[in-house]
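This report refers to the structure that appears directly beneath it.
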Amino acid sequence: MSRIEPIQEYKDSTLSALFEQGEKWMGFLPNDGLLMAHKPELLTSFFDLAKTIYEEGEVDNGLKRMIGHITSLSAGCSYCSAHTSYGAAKQGVSEEKLKAIWQFQTSPLFSEKEKTALNVALKAGMIPNQVTDEDFDMLKKHYSNTAIVEIVGVISLFGFLNRWNSTLNTQLESTPSNFYNKIKQDSDG
């Protein structure tokens, strides 16, 4: 149970269209948005930031979801880990790849380009941040500055979300929960 109650009356509010878009985008109504809605300006600003980060760019949206996933896993946020694994699958990332995410560095399922981005995401999700200049040198071999900004944008977005959802103990919705539990169970053996 979340540490504060999510808003319930949003259908007739000024946030109604935002929630409809979020539900369409994610495939379910996100509880963290219902918590942010206690301060409508926060939710509106957050939605705009997330939309900007996830818009089409140089980095594939499936990889962006995997970046969010490994960042959330390294930060220990199960709410965001469930959301990002579900979102990655919706973007075409295979369940096999998601099950092997902790082994990305050695798994043949991941390209060298993906490995460099996921390495930075993993290390950036840790406290203290473990990213080195060498990690960035490797990243620059595969990505432009614009793409690196997109990658760090995803990592930073989940830095906020990991803190938000872990602190508020946001109740996980059934759709991402069911998917994530299947991925975890299948990857555990």
Inset, instruction - Can you give me the number of residues within the range 153-189 that are at pLDDT 95 or above, among the β-branched types (Val, Ile, Thr), open to solvent by less than 30 Å² (accessible area, probe 1.4 Å) and assigned to a helix (DSSP H, G or I)? - result: 2
Inset, instruction - Restrict the check to the range 56-71 and report whether at least one residue is touching a Gly at 6+ places or on another chain (Cβ under 7 Å), within 17 Å of LEU157 (Cβ to Cβ), charged (D, E, K, R) and open to solvent by less than 40 Å² (accessible area, probe 1.4 Å). - result: yes
Inset, instruction - Look at GLU134 and say whether it is of a type in the set (D, E, K, R) and within 19 Å of ASP48 (Cα to Cα). - result: no
Inset, instruction - Tally the residues that are open to solvent by less than 70 Å² (accessible area, probe 1.4 Å), of a type in the set (Ser, Thr, Tyr) and touching a residue at least 60 places away in the same chain (Cβ under 8 Å), restricting the search to the range 118-151. - result: 2
Inset, instruction - Look at ALA17 and say whether it is in contact with a helix residue (DSSP H, G or I) (Cβ under 7 Å, 6 or more places away or on another chain), open to solvent by 20 Å² or more (accessible area, probe 1.4 Å), over 26 Å from VAL131 (Cβ atoms) and assigned to a helix (DSSP H, G or I). - result: no
Inset, instruction - Just one of (1) out of contact with any helix residue (DSSP H, G or I) (no Cβ under 6 Å at 6 or more places or on another chain); (2) surrounded by 19 or more Cβ atoms within 10 Å (Cβ to Cβ) trips up ALA100, so point out which. - result: (2)
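The values are calculated or read from the model by the stated rules, or taken from the named source; none is laboratory data. Please read all numbers here as calculations on a predicted model, not as lab measurements. Because the Cβ atoms are built from the backbone with ideal geometry, glycine has one as well, and the counts that use them run over all protein chains shown. Note: accessible area is taken over every heavy atom of the protein model, side chains too, but ligands, DNA and RNA are not part of it. Shrake-Rupley method; radii C 1.70, N 1.55, O 1.52, S 1.80 Å.
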